[in-house]
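The values are calculated or read from the model by the stated rules, or taken from the named source; none is laboratory data. It should be emphasised that the depicted structure is a prediction, and the values quoted were computed from it without experimental measurement. All Cβ positions, even for glycine, are placed from backbone atoms using ideal geometry, and neighbour counts span all protein chains on display.
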Number of protein chains: 2
Amino acid sequence: MPTTGRRERKKAQTRRALSEAALRLFSEHGYDGVTVAQIADEADVSIATLFAHVPDGKEALIFDDGAERRVWLVAAVRDRPSGQSVLEALRRCMAARGPFTDDLSPELRHKRDLIVRTPALREYSRKLWIAGEGALAEAIASESGRDPSDMTVRALARYVLEIPELAGAEPDPLAALNAIFDLLEAGWGGG
Amino acid sequence: MPTTGRRERKKAQTRRALSEAALRLFSEHGYDGVTVAQIADEADVSIATLFAHVPDGKEALIFDDGAERRVWLVAAVRDRPSGQSVLEALRRCMAARGPFTDDLSPELRHKRDLIVRTPALREYSRKLWIAGEGALAEAIASESGRDPSDMTVRALARYVLEIPELAGAEPDPLAALNAIFDLLEAGWGGG
DNA sequence: TCCAAAACTATAATCGCTATGGATTCAGAT
DNA sequence: ATCTGAATCCATAGCGATTATAGTTTTGGA
């Protein structure tokens, strides 16, 4: 039974305290206006403990490990309705999640804005998405009868995973997302 | 007369001494095995001077400011032979330069390998490419009668500029580059 | 020749992050 | 209930990149 010890509960609790302290302080003073020492203080742990919980460093404090995103994407591709194209499945999946839907709690909206307007956080968010490139490429390859090392497949996966960073800062992110998927589907053309 | 003082000559000389010292030491001990203090010593300047010459930090030491790249790309798009498509012009431009051509001096080849195998340097190289996104988007928009803020144009510019990082590490970079340009031109399709 | 800008310097400080070594707490076996 | 090993936590010290400060030297031009 993996998830039922007091130990794991406390661990998750500390991790959440760190996340919340970081988000609160970042929102109040800006990302660069907060030191990891302040965050550790606010969460009432030592700096060493902070880094034990968040080995990827300061930027990772307000993110999870990105495993969920990877699972969604691969599942969206593999379990899509029959007859639906891979790109269509990915388009719907991304449109529903991430920075593209508008029915978010005010806190999440606020967090998204913080990420979009803070370069270090934007870059780390991109890194998390791109960490799923291999998995997504495998899923796409498997569904389209190509080799996962096929550069076309890898490039498509990469380009899809870059969409959040590319479209996230637009005035109408959803319209931007659709424009980019249209481009990936039909290409730029010979003009 | 912009470029003819002893001052500017000495400045360029110091900058090159830093570049060469950094490249030599990185090659010998690896990027993480070298401190900026060692590089400053090797170039016989103080640490403060090093950062005065290279405000972007350690990774920027072995790169120029990327202005050249931007000029090539924009020129390639704007001055292309009549009848040639924008993407074809970009394909040829990138294939001829950067990590894609094979007639390089051994030093440049060695430098390229160092960059490809060092994450921090790879990321900074990408950053330099992407810094040209705005300029490239404007050129593409101008040549295709679209608006420079059109998301399709911006996405295309971004995707083209990501090709070096995406294809640079492949066994056959040139083939990879062509595969990606084919994808951008024709799209993935509805399959 | 003289002056202001530019380049350089040493020094000290900040900040993110890691290493060490020891104390505490927990899970599971006896 | 107790023992034991692992996990967690902590204080401390330290490293490396980067910035700030303040003073010195060099250079270009009036």
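The set of residues in segment A:56-77 being part of a loop (DSSP other than H, G, I, E, B) and either of a type outside the set (Phe, Trp, Tyr) or near DNA strand C (Cβ under 8 Å from one of its atoms) (or both) consists of A:56, A:57, A:64, A:65, A:66.
Kindly evaluate residue A:24 against the criterion of being closer than 17 Å to residue A:118 by Cα and assigned to a helix (DSSP H, G or I). Spelling it out, residue A:24 is indeed closer than 17 Å to residue A:118 by Cα and assigned to a helix (DSSP H, G or I).
Does segment B:29-51 contain any residue that is within 15 Å of DNA strand C (Cβ to nearest atom), charged (D, E, K, R) and surrounded by 15 or more Cβ atoms within 10 Å (Cβ to Cβ)? The answer is yes, given that some residue of segment B:29-51 is within 15 Å of DNA strand C (Cβ to nearest atom), charged (D, E, K, R) and surrounded by 15 or more Cβ atoms within 10 Å (Cβ to Cβ).
Would you mind finding the one in B:128, B:161, B:136, B:166 that is surrounded by 19 or more Cβ atoms within 10 Å (Cβ to Cβ) and facing chain A (nearest Cβ under 9 Å)? Exactly one residue qualifies, and that residue is B:166. Among all residues of segment B:61-70, there is none that is surrounded by 12 or more Cβ atoms within 10 Å (Cβ to Cβ), more than 14 Å from every other protein chain (Cβ to nearest Cβ), more than 13 Å from the chain's Cα centre (by Cα) and away from DNA strand D (no atom under 16 Å from the Cβ). Residue count for segment A:83-102 under the criterion of being of a type in the set (Gly, Ala, Ser) and more than 14 Å from chain B (Cβ to nearest Cβ): the result is 3. Restricting segment B:78-101 to residues that are in a loop (DSSP other than H, G, I, E, B) and basic (Lys, Arg), the residue that is surrounded by the fewest Cβ atoms within 10 Å (Cβ to Cβ) is B:97. Of all residues in segment A:148-158, those satisfying the criterion of being at the interface with another protein chain (Cβ under 9 Å from one of its Cβ atoms) and part of a helix (DSSP H, G or I) are A:151, A:152, A:154, A:155, A:156, A:158. Of all the criteria given as (1) under 24 Å from the mean Cα position of the chain (by Cα); (2) exposed (fewer than 14 other Cβ atoms within 10 Å of the Cβ); (3) over 25 Å from residue B:130 (Cβ atoms); (4) at pLDDT 95 or above, the one not satisfied by residue B:75 is (3). Among the residues of segment B:116-131, some residue qualifies, meaning at least one is in contact (Cβ under 8 Å) with a residue 60 or more places away in the chain and not in a helix (DSSP H, G or I). When segment B:27-55 is filtered for residues that are under 22 Å from residue B:122 (Cβ atoms), in a helix (DSSP H, G or I) and β-branched (Val, Ile, Thr), the ones remaining, listed by number, are B:36, B:39.
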